[in-house]
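Working notes for the structure below.
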Amino acid sequence: MNTGPLIAIVFIGLVLVLAALRAGLGYRQVRRDADEEWPDFKKTRPDLAKGLSDEAFTSAYVRAHGPRGALYGAIMLVAAVVLTPVIMLMLTGFYGVFIADSSGGTGLNGVNLTNEVRRQFQLDGPLVYAFFLFFGLIASWGAIAFIVARRFHRGRPGSLDDEIRSARGDATLPDAPLARPRPKWSPLVQTDGGLKLPENTKQK
């Protein structure tokens, strides 16, 4: 009996359980930290705590300090496990229609090339299909990881102060200037390449 697939399924299941537990316990601990932080926060930051409820502070604290990496890691694993059977069916159908059972081409050498490919696949079909499925699954899992990672970075929260201001509906703070303005007493001038001496003051 081939126990390889069973071992793989059990291993993936354990990884899923561990990732889900890590995310769940992490968010639970962060909520406890928020409950402990709230009394001190009201004393030390009354400007931000004014008009803010306990639930709003906890939500902002969790968004700012929650283990999003563990949560999105669990989501990525769940998506991969759920979509893998569908991906395998799609890859198998693609292999059968466009590769193993492909019809003649349209170019001058298209028919000969197609017949040669079909002949090779008939000789080494199982091995070719295994390689095709292997790399197809890797590419599909990479695409799932890319989509989840893109979502993770696009929804990245701000600092605790930013999340509290967002919960209160305050306007966001203006961005800090990228560079300091040139002092009036400085002989340098601002150019596209940075601060430089004027051309008429450079030594020849």
Filter segment 77-96 for residues that are under 17 Å from the mean Cα position of the chain (by Cα) and not β-branched (Val, Ile, Thr); the one that is surrounded by the fewest Cβ atoms within 10 Å (Cβ to Cβ) is Ala79
Answer yes or no as to whether Phe11 is part of a helix (DSSP H, G or I), more than 17 Å from the chain's Cα centre (by Cα) and crowded, with 17+ Cβ neighbours inside 10 Å.
-> no
Filter result for Met88 (of a type outside the set (Phe, Trp, Tyr) and modelled with pLDDT of 85 or more) = no
Hey, which of the helices (runs of 4 or more DSSP H) in segment 37-99, taking only ones fully inside, have at least 2 residues that are more than 30 Å from Ile164 (Cβ to Cβ)?
-> 68-94
What about Ala74, is it more than 19 Å from the chain's Cα centre (by Cα), surrounded by 14 or more Cβ atoms within 10 Å (Cβ to Cβ), farther than 30 Å from Val128 by Cα and not charged (D, E, K, R)?
-> no
For segment 127-144, name all the residues that are of a type in the set (A, V, I, L, M) and surrounded by fewer than 16 Cβ atoms within 10 Å (Cβ to Cβ).
-> Leu127, Ala130, Leu133, Leu137, Ile138, Ala139, Ala143
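The values are calculated or read from the model by the stated rules, or taken from the named source; none is laboratory data. All values derive from a computational prediction rather than experimental measurement. Neighbour counts run over all protein chains shown; Cβ positions are idealised from the backbone, glycine included.
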